Structure formats: structure tokens, C-alpha cells
Amino acid sequence: MAVGAARLHGLHRFHAACVLGMVLSGYLAEVVSGFGGSSWVHPFSVHLLSALALLRLATARRCRDFFLVKVVAAVLMLDAAIRSTSLWYFFFLLCFLLLTAGAMVSGEIRRAAERSAAISRAGLAGLPSRLAALSVLACAGILLLAGAMFFLLPRTARVAARHLVSRNLIPPGFANEIILGRTGRLQPSDRTVMHVRFDGPPGPVPLKWRGGSLGEFDGKRWYNSPAPVQNIEPQGGVVWLMDNRRSWQGGRRLTYEVALHSPGTSELFFAGNPLLLRLADGQGVVRTTGDGFRTRLPGGNLRYAAVSAMESETESSAGVTELSRDERNYYLLLPPFDIRVITLARRLTEGHESVEAKVRAIEEHLRSQYAYTTELPSTTVRDPLAHFLFERKKGHCEYFAGAMAVMLRSVWIPSRIATGYLGGVYNPISGWYAVRARDAHSWVEAWIPGRGWMAFDPTPPAPAPTGESYAARLWLWADAAETFWLEWILNYDLDRQLTLVNRLERSGRGLRTWWPERWPSVPIWDLLLAAAAAAAAVALALLGTPRFLHWWRVRRRVQVLRSGQASTSDATLLYQRVLRRLARLGIEKPPFQTPLEFARSLRSPELAAQVEALTRAYNRLRFGREPEAAADLLAAIEAIEPRIAKGDGLS
């Protein structure tokens, strides 16, 4: 009884461990989702629910207590499913499914044990390991069925899903304001914020992905005050973004597709000067202050296709509308600043007649005379820009862009700071360019008469990493998996479903065309004979595999029995084999008879004596757990099976 109680206790521990894993999987899924960018209420609720679930689990005694903890874990996982876009959620979902299968099976066994006053514990040996294997098989079956249903069922819930996402997020690394003078150190993140795929070569120069611009400066902060926005309606599914105040007429055209990966994102990012846009859901856009664009409704994993005009240094832009007086004053406005800044700007632009030449002189000075660093100042200063220009002489892109914009305004050249991302990493596995949060960048846009707003980048290039490490290769594979997750799981809609069906149909047509070309001279009867042989082989495998597995299992149990390490399940398996062989000869054991009653009811005295000896050894090993009974059981089996095989004296 002590052994049985210990094994039952092991089952209880297995059940509790599975439930604990369910709670941890749900909690970690919430963590990787970033709590959906919501206020403090939601993260606090998640932490509180998780803590209460763990406390309840520590004091759980009955199945009802564990059921409440399972419900909390399921709620956490469901909430994370609505908010998360990370591939890590799929990993924690797999863990949750695996642990749920184990918890449900072991919980049912535990519930039956609590209802029964007396329970046979003969089969509890190794039960946790067998339950773990059963959980893996159940989880695999669930994934296969769910995967088939996911790809086959019609996808029509796009609008509903978009309204369930939080509306307060912006992409990691991208900000709607720039604050200078902060201390500490920048912490670059390798998290991918968007993927880009081009229709043709993108060109050798790293592209700037513009999300917006900032036009107001108070000495430490660049920002935009709230202002009216312009709604742009789609025409035939296409949104026309052309603005003759930007130099969109010149340069080559670039067509590309963008997939943003932050739930709640509304800002749109473009290379060059955007001409037209097509959103996946067909909605319109909003033009914001500083010629930025965003969607009307935020949505997770936003996708769009765009066409842009890349700026050309040799072509002029005809028909550019000049800035109004109010706009010009807006982009020239400056707070009180260090007089050394205007002195430096005048010295650098002296001797240059054209506005563009003056701008490039300031740009080249900053790129050549200052150093790039991700380290922030160690102490707070009163004037961050003056400290950067005349004392520290190193900083990151926000300092370079801010200093250049202020110097341009000090010599009466309208300017603003553009924010977004620079470059990206091409992934040959997926065929997409990955733009990471660490690629966040700021640069300057200056107003050039006759050409409009032009981009200038005063930030010197950061030191490039040397060589390709194993970590970089691993990141490429992880990014490819993330791309597949986002493109074919999170963004799997009706359009992609039809695309998949078309691909399968083309593959089928290609196979039908390839077959006769590959074997044009093979007679049809030979093909039919080969197909029949293959079908027969499959049928034999399906019919013979279970019998082979059963034979191998019995053979292994006999070997274990001979080694003296038999268990109660071994005794049951071997006894049932003897009963099946007797049944083939017409001697069946009625369900109402005990094993001893069945043995004594046999007509043949010799067979009855052998079966009774077998039964007594079986009872001693299974119910009495006597190790020495294993040898007696094996001897009885070896004595009776030849007699059964020959059919001697069985009638």
C-alpha cells in the first residue's frame, strides 16, 4: 500500500506541475506581447491574476481548486493571443497545449481516484512518463487538426480583429518627439519592426524610411503641436499621396511592400517621396503635420504597397509650390540659443551662394569633424546642442540632426527633423529586408528653392561589424521564421488563402505536365502494376505494423521477465496473450469468471492444472508483487504454450 500511495503521490505532483506550467506559459505569453501597449491597469491585472493563481495552486487540495487555476491560465493565454504578434507566443502556445493535455489526463485520473474509496494502483508504475508521452501525442494531433482547419476555413474576421487591438502603440525605436540632454546609454534592440520587399533592386544606397517630421524646438525638445489633419480617401483602392511641395517629379520610381509588426501602429513609413499607396484593408490615410502619413485606425501587423520617387541630384523639379509666409516662419522659429551656434553657421556658409551649397557645407562639417557614439552625456547640461557642438563633439543621430537644423534656421534656411529608420538587413532565406528597432534614425530636411524639401544626413556612419558570426546567421533563421509567422499566420486572410489555393493548383498542373514528359514511353499497364504494388505495400504496412509492434512488445516483456525485473503490467500482458491463444482454439474465458474459476472449469485435467499454475503465478506477481513469482510465471507459460500450439488434449 505504501508503494501505491507513493505512486499516486507522483501522479498528483505531475498534475500540479502541468497546471503550474500552464500558468507560467500564459504569463510569459503576456510578457512577450508587451501587454498590448495599454495603461498600467492591464499589466497590473495580469500580475495580480498570475500571483493569485500561483497562490491558489500552492494551497490546492481538490480538483476544483486546480480547475480554477486552469481557467486563469486559459484567460491569460487568450488575452495574449489578442495582443501579441511575436513568434514567441507560438512557442508558449505549444507549451500551453502540451501541459494542458497532461493536466487534463492526469486530472481525470486524479478525479476518479478521489471519487473511489478503493482503487487498484497496480498500473501506476511509470504513469507520469506514460502520461507525458500521451500528452505529446495529443498535442501533435491537436496541432495537425488545428493547422488544417486554420488553412482551410474561410478567413473573414479581418475587421473584427483590427478593432480588438490597442491604439496607443508606436513602433519600438520610433518616437513622435526628440528629447536632448538625457543621460545614460542607448540600448539598441534587435527586434524587427518592419519587413520590406522590393519589386526590383532597391539600389546601392541604404534607404531612409521616413515616418514623419518635427518642426518645433524649445531648446531641448523637438516636437509638433496638435494641428488639423487632412483625410485622403482611396480612389479605386489606391491612395494618391503626391504633393508638389516635395521633389517627387525627379528620380527613379521604386515599388515595394511593407509589413509593420507592432500592434496599434498607425504611422506609415516610406522611402523617398511617396507617390501612391495601397493598404491591405483598403482604408484611407491621414496626412499629418510635416508631411507624414498614418492610417485612420491602428491595426496590428499593418501591410501596404507603395510607389515612391527617389530624389535625383541632377534633375530639377518643375512646378514646386513655394512655402507660404506662415509655413516659412514656422520652420525658421528658434528659441534663445548660444551665440556661438550662429557664428559657426555663418562661418561655414560664408562664400556659398546657393542654398543647397550652404546646406551641404554644414552637413559635411558635422560628418567630418564630429564622432558618432551611442553613449549619452554623463551629466545634465543647460544647453545640450551647444555642449555637443563646442565641448563634447560626439553624439548620436538626434544631436547631429538637431544641431544642423538649428544652424540652418540661424542662417534663414527653413528646416525640420525627419524621423524614421535607416537601411535594413537583407535576409536571403526569406527574401525580405528586415528593419530593426536599432535602425531608428533622424536626419534633416531643408527647403531648397525650386526643389522643395530635400533630405540631408549629417550623422557620420557608425562602425560596421566585421565578419559574419554564428549569432548573425542564427538571427537570419529566426527572422525568416518570424516572417513566415507574420505573413502566413497572423496575416493569413482570404486573399492569402486564395493565393495558397492557386499555388497548389499550379503545382498540380505542373505535376500532370511533368509526368508524361518524364516517362512518355512507359506502358500504361506497367504504371498500373506499379501503382497496385505500391498500394499493396501500403496496405500490408498498415495491417502488419500493429501486429509487429504487439509481437515486439510481448517479446520484450518476456525478456524482462527472464531477467527478474518484471512489473505488474508485464504479468497482465502475458496472461492476456495466453487467453487470446486459447480463444483461437475455442476456449474463451467468460467475463463473469475469475481467473482461478476459469482455470478450474477447463475440461482437460492436464490443461486445467497448467492454467491454474499459470494463474496462481500471475496473481502472485500482479497483486502480491512477489518478484520470485516471475520465474514461476515464465515457466508456466513455456509449459502451456507448446501444448496450445499443438492442440494436444484441449478438448
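The values are calculated or read from the model by the stated rules, or taken from the named source; none is laboratory data. No experiment lies behind these values; they were computed from the predicted model shown. Cβ atoms come from the backbone with ideal geometry, glycine included; neighbour counts cover every protein chain shown.
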Meets criteria (under 32 Å from the mean Cα position of the chain (by Cα), under 23 Å from Ala309 (Cα atoms) and either in contact (Cβ under 8 Å) with a residue 24 or more places away in the chain or not in a loop (DSSP other than H, G, I, E, B) (or both)) for Gly420: yes
Filter result for Ala405 (modelled with pLDDT of 95 or more, closer than 21 Å to Arg346 by Cα and outside any loop (DSSP other than H, G, I, E, B)): yes
Yes/no for Leu474 being aliphatic (A, V, I, L, M) and surrounded by fewer than 16 Cβ atoms within 10 Å (Cβ to Cβ): yes
Exclusive hit being modelled with pLDDT of 90 or more, of a type in the set (A, V, I, L, M) and either surrounded by 16 or more Cβ atoms within 10 Å (Cβ to Cβ) or not in a loop (DSSP other than H, G, I, E, B) (or both), set Leu344, Leu333, Leu323: Leu344
Helices (runs of 4 or more DSSP H) contained in the stretch 507-624 and holding at least 3 residues among the hydroxyl-bearing types (Ser, Thr, Tyr) and at pLDDT below 80: 568-584
Selection within the stretch 423-437 - among the aliphatic types (A, V, I, L, M) and buried (at least 21 other Cβ atoms within 10 Å of the Cβ): Ala434, Val435
